[in-house]
Amino acid sequence: MSINIKDLDPHEMNDWCPGCGDNGILSALKNTIINLDIDPHDVVVVSGIGCSSKLPNFINTNGVHTLHGRPIPFAEGIKLSNPNLTVIIDSGDGDTFGIGAGHFISAGRRNIDVKLFVHDDGVYSLTKGQASPTLPEDRKVKGIPAPNINSAINPLQLALFSGYTFIARTTSYNLKEQVAMMSKAIKHKGLAMIDILQGCPTYNSEFTSPQWFNMHTKPLPDTFDPIVKDPTDRKEINAKKKAAMEMIMQDDDEHLQTGIYFQWENPDTFESRLESRHIPSPISQKIADEEGKSTVDISKILDSLVV
Ligand code: SF4
């Protein structure tokens with residue numbers, strides 16, 4: 001099938017501030033879906049709460065705007081119910097690494113084939129710019145009275161230690177890099193995270209402007225190879241993880257690299273584990289007859305409730 005950008009435009013206009021990096025991420029996602037020629041009916045975009053989490057309302061695919069910090073388990077449930085769908089999580093840094101941090105870590109243990117695109121602007125922008133878990137220590141932004149007293153979570157480190165099998169960083173104003181990276185993440189068989197450094201000109205104008213990103217980010221060296229060639233070779237996997245960690249440690253608050261840090265086409269996905277235990281997905285099970293009447297036998301459940 002052939003789709004164009006208009007097919008992905010809903011009737012609703014987005015209400016983000018002028019210059020907001022969320023616009024760039026939305027545009028990149030639309031272009032990625034077009035480039036990969038995915039039927040929008042087969043795409044589900046899941047979000048939590050925050051400025052960025054309004055995104056499912058602004059793209060003409062399936063979408064669920066869920067609870068604060070909960071988009072990951074929603075997305076996992078959708079993917080396991082119907083593995084044919086492309087399931088994408090668009091969520092903010094506060095949502096993902098604050099209230100949702102437990103879900104972020106647990107997802108790494110499962111390696112379900114969902115894609116997490118984090119809109120990372122260092123602030124809780126929907127609630128007027130408080131410091132989020134990714135705001136560096138001592139950094140002063142508009143919504144806090146004094147420089148940040150807490151140190152920051154590094155999303156790439158956390159993803160690597162948690163077991164994510166595709167880990168990357170880009171910026172919201174770099175459309176070309178985002179589209180290339182999102183395309184690879186979607187094609188990746190397993191759990192992927194892209195930390196997208198996102199512009200918030202309203203509450204973090206100094207440290208998330210296009211100029212700041214231009215001055216403080218650079219691509220990973222061409223010589224760096226993040227791809228695990230033999231997905232079952234434990235020695236190679238560990239070597240690539242070590243190399244990724246060393247590359248992450250080269251970054252600091254003022255010098256950040258963009259690109260893919262780690263990519264392991266790990267055949268041991270949660271879906272493959274279910275398959276090996278002969279547990280079928282709900283979509284593959286017959287639940288109604290030709291007349292639409294339920295064929296699900298719930299008698300055992302009812303029997304168990306008898307007192
Ligand atoms: Fe974007 Fe920041 Fe405005 Fe929210 S407050 S819409 S993140 S610019």
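The values are calculated or read from the model by the stated rules, or taken from the named source; none is laboratory data. Note that the structure is a prediction, hence the values are computed from the model and not measured. FYI the Cβ positions are ideal-geometry reconstructions off the backbone, even for glycines, and counts take in every protein chain you see. We work out accessible area using only protein heavy atoms, side chains counted, and drop any ligands, DNA or RNA first. Shrake-Rupley method; radii C 1.70, N 1.55, O 1.52, S 1.80 Å.
Things worth noting here:
- Amide H contacts for Phe262 (H built 1.01 Å from N in the peptide plane; partners 5 or more residues away or on another chain; cut-off under 5 Å): Ile167.
- For segment 231-307 versus segment 15-69, the spacing of their alpha-carbon centroids is 22 Å.
- Relative contact order of the chain, defined on C-alpha pairs under 8 angstrom at six or more residues apart (%): 16
- 3J(HN,Hα) couplings calculated from phi for segment 160-167 with the Karplus curve 6.51 cos²θ - 1.76 cosθ + 1.60 (θ = phi - 60°) are, in sequence order, 5, 5, 7, x, 4, 9, 8, 9 Hz; Gly and Pro show x.
- For segment 1-116, the spread of Cα coordinates along the three principal axes comes to 37, 34, 19 Å, biggest extent given first.
- Environment charge at Ser272 (Cβ cut-off 14 Å; Lys +1, Arg +1, Asp -1, Glu -1): 0
- Positive end of the dipole of segment 123-248 (Cβ unit charges, origin at the Cα centre): among Leu191, Met247, Asn154, the Cα lying farthest that way belongs to Leu191.
- Peptides 299-306, 77-84 ranked from most to least packed, by the mean per-residue count of other Cβ atoms within 10 Å: 77-84, 299-306.
- Here the Karplus curve 6.51 cos²θ - 1.76 cosθ + 1.60, taken at θ = phi - 60°, turns the phi angles of segment 255-267 into couplings of 10, 10, 9, 10, x, 8, 8, 7, 8, 10, 6, 6, x Hz, with x standing for Gly and Pro.
- Remark on Val123: its backbone amide H falls under 5 Å from those of Ser132, a criterion applied only to residues 5 or more positions apart or on other chains, H modelled at 1.01 Å from N.
- Estimated from the Cβ-Cβ distance and a Förster radius of 51 angstrom, the FRET efficiency linking Gln250 and Lys6 is about 0.75.
- The mean accessible area for residues of segment 1-147, using a 1.4 Å probe and ignoring ligands and nucleic acids, is 40 Å² per residue.
- Leu116 long-range amide H proximity, modeled H, under 5 Å: Ile89, Ala192, Met193, Ile194
- Assuming charge only on the beta carbon of Lys and Arg (+1) and of Asp and Glu (-1), the dipole of segment 263-307 about its Cα centre is about 180 debye to the nearest 20.
- Segment 1-120 - charge dipole about Cα centre, Lys and Arg +1 at Cβ, Asp and Glu -1, debye rounded to 20: 340
- Relative to the longest principal axis of the Cα atoms of the chain, the long axis of helix 234-250 lies at roughly 40 degrees.
- Applying the Karplus relation 6.51 cos²θ - 1.76 cosθ + 1.60 with θ = phi - 60° to segment 110-115 yields 3J(HN,Hα) values of 9, 6, 7, 7, 10, 10 Hz, where x marks Gly and Pro.
- Residues of type lysines that Lys142 reaches as a straight line, Cα spacing below 21 Å, ignoring anything fewer than 8 places off in the same chain: Lys128
- Highest mobility in the GNM of the chain, judged by mean-square fluctuation with C-alpha springs under 10 Å and restricted to Thr32, Thr127, Thr295, is found for Thr295.
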